[in-house]
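The values are calculated or read from the model by the stated rules, or taken from the named source; none is laboratory data. Please read these numbers as outputs of a predicted model, since none were measured by experiment. Positions of Cβ are generated from backbone atoms using ideal geometry, with glycine treated the same way; all protein chains shown enter the neighbour counts.
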Amino acid sequence: MIKMQSVRGTYDLYGEPKRKTKKVVSVGEKVVEKYGFEEIETPIFEFTEVFSRNLGDTSDIVTKEMYCFEDRGGESLTLRPEGTAGAIRAFISNGMQQNLPVKLYYHGPMFRYERPQKGRQRQFTQFGIELLGVETPQADIEVIAMAYEFLEKLGLQGAVLVEINSLGDSESRNAYREKLVGYLKEHFDELSPESRIRLERNPLRVLDSKEECDKKVVENAPLYSDSLNESSRAFFAKVLQGLDKLNIKYRINNRLVRGLDYYSHTVFELVTDKLGAQGTVLAGGRYDGLIEQMGGGKVAGIGWACGVERLAMLLDKGLESLRPIAVIPTGEDVEDEALLTSHSLRLAGFTVEMGYSGNLKKRMIKANKANACKAVIIGSDELTKGEVVIKDLDSGEQKNIKRDNLIEELQK
Ligand code: ATP
Ligand code: MG
């Protein structure tokens, strides 16, 4: 027997949950387009190396979450686990460096082999942006402002907090790494087996661990802010000043490092306490070294991505469609006329519900179920006089009007 169920960690989205994710994406698009971002659609799979070489070979994604497969030609391919690596790959493949800055946004499915739980799926949707070619703190301020406005427009400003930190430039990161390694070595015995490996290969990652024992050690770890050199400090101060000017509330979180290798300077997350352990709804940061590492020249970059389903779970209501107009024939003899009327109303831009069969009463019930605002009732007596009946389904009021004036009347 074929298993008639979706694969673990994947879901069929329809009805109100789908209307909610649709709202997240449509509000996101409206906001970022105001800032001049343009949509890019990249393939859902890439050569495995696009991810394995650029996300960092000790990241959770690369070590245990990627869906890799060999295609029939023997190529190693991977279903994209996130959007940045593919967007940068496209930026380089298409020679977009010629015209900086480049502002891209994307949305679509991402795939990670994780333990499914509330807010954590194996196929999920991200909406994200990348701003390429701007080195100044203005970029950091602008993309955070954009994320903030996005959540505000979704009505979530009260539910979400901006957390921010700076990882500084590479000199600062090296200085910090040294201090951190010293500290972690003193606490080696208390670390999880995974973090002992991280300590060797990428100690910063320990700060990002979700293991309780690691979290305890991390509590007293040296602070990142103490290792920032002067220029990194100045950069961060400018970002914060900008946020203050725009009245964007944030909290500096010294422990925030983000799970991927390529971040520098500003990192930030928008977090909520309403989703249990899966509290981060949007995350991003500056990745000035990534494009060069991928062979695209010295181009600065900053971006963020949000989990569309996680955000959708915070909404009270999904995208609302226009209330339809119900076209209702009173008998079989006028069904053709009803069909024609529906068609002409749709051509004029109205949403029309036809209630495909049944008597007047049944069709009225269907019209109410479809949340129609008005009914156009077509009867043979009225029709011989060239008239139809319009009924307001909220007030119950109804009147006869000339069939020829129908569209005009409905547009009122
Ligand atoms: P987490 O710490 O929750 O694992 P992450 O650091 O792996 O998150 P990112 O790679 O930064 O997440 O992805 C950005 C956003 O995408 C997250 O903040 C989250 O909202 C969403 N996201 C990430 N993984 C999943 C998943 N498996 N299911 C649903 N949403 C996800
Ligand atoms: Mg993760």
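Would you mind finding the one in L243, L223, L207 that is under 17 Å from E163 (Cβ atoms), more than 15 Å from ligand 2 (Cβ to nearest atom) and not assigned by TED's automatic domain parsing to the domain that holds Q117?
Details: L243 fails: not assigned by TED's automatic domain parsing to the domain that holds Q117; L207 fails: more than 15 Å from ligand 2 (Cβ to nearest atom).
The unique qualifying residue is L223.
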What pairs can you find where one residue is in the stretch 327-349 and assigned to a strand (DSSP E or B), the other is not β-branched (V, I, T), and their Cβ atoms are less than 6 Å apart, with a gap of 6+ or different chains?
V327/A338; V327/S342; V327/M354; I328/R363; I328/A375; P329/E335; P329/A338
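Please enumerate the residues belonging to the stretch 177-209 that are touching a residue at least 60 places away in the same chain (Cβ under 8 Å) and not in a helix (DSSP H, G or I).
Residues of the stretch 177-209 touching a residue at least 60 places away in the same chain (Cβ under 8 Å): 197-198, 201-202, 205.
Result: N202, single match.
Quick check: anything in the stretch 307-322 over 31 Å from the mean Cα position of the chain (by Cα) and either in a helix (DSSP H, G or I) or among the polar types (S, T, N, Q) (or both)? Show your work before the answer.
Here is the first cut: in the stretch 307-322, the residues over 31 Å from the mean Cα position of the chain (by Cα) are none.
No, there is no match, as no residue in the stretch 307-322 is over 31 Å from the mean Cα position of the chain (by Cα) and either in a helix (DSSP H, G or I) or among the polar types (S, T, N, Q) (or both).
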Exactly one of these conditions fails for E219: (1) closer than 29 Å to V62 by Cβ; (2) buried (at least 20 other Cβ atoms within 10 Å of the Cβ). Give me its number.
(2)
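Regarding V299, is this residue surrounded by 14 or more Cβ atoms within 10 Å (Cβ to Cβ), away from ligand 1 (no atom under 16 Å from the Cβ) and farther than 30 Å from G133 by Cα?
Details: surrounded by 14 or more Cβ atoms within 10 Å (Cβ to Cβ): yes; away from ligand 1 (no atom under 16 Å from the Cβ): yes; farther than 30 Å from G133 by Cα: no.
When the stated conditions are applied, V299 does not pass them.
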Residues located in the stretch 134-160, provided they are away from ligand 1 (no atom under 15 Å from the Cβ), small (G, A, S) and either surrounded by fewer than 20 Cβ atoms within 10 Å (Cβ to Cβ) or closer than 11 Å to V32 by Cα (or both):
A145, G155, G158
Quick one: what pairs do we get from the stretch 146-167, first residue touching a residue at least 60 places away in the same chain (Cβ under 8 Å), second part of a helix (DSSP H, G or I) and polar (S, T, N, Q), C-beta under 7 Å, 6+ apart or different chains?
S166/S232
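With the condition kept exactly as written, say whether any residue in the stretch 70-84 is under 21 Å from K298 (Cα atoms) and within 13 Å of ligand 1 (Cβ to nearest atom). Give the derivation first.
Step one: of the stretch 70-84, the residues under 21 Å from K298 (Cα atoms) are 83-84.
If we keep only those that are within 13 Å of ligand 1 (Cβ to nearest atom) too, we end up with 83-84.
Yes - at least one qualifying residue is present in the stretch 70-84.
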Looking only at the stretch 46-69, filter to residues that are in contact with a strand residue (DSSP E or B) (Cβ under 7 Å, 6 or more places away or on another chain) and in a helix (DSSP H, G or I); which one of those is nearest to ligand 1 (Cβ to nearest atom)?
F51
List the number of the failed condition for M110; all other conditions in (1) more than 18 Å from the chain's Cα centre (by Cα); (2) among the aliphatic types (A, V, I, L, M); (3) surrounded by 17 or more Cβ atoms within 10 Å (Cβ to Cβ) hold.
(1)
Taking the stretch 70-111 and keeping only residues that are part of a helix (DSSP H, G or I), small (G, A, S) and farther than 13 Å from T48 by Cα, one is left with A87, A90, S93
Considering the stretch 89-133, residues that are within 16 Å of ligand 1 (Cβ to nearest atom) and of a type in the set (G, A, S), and then whichever is farthest from F47 (Cα to Cα), we arrive at G119
Please count how many residues of the stretch 50-66 are surrounded by 14 or more Cβ atoms within 10 Å (Cβ to Cβ) and either more than 14 Å from ligand 2 (Cβ to nearest atom) or not assigned by TED's automatic domain parsing to the domain that holds L260 (or both).
4
Could you tell me whether E142 is of a type in the set (D, E), without any contact (Cβ under 8 Å) to a residue 60 or more places away in the chain and in a helix (DSSP H, G or I)?
no
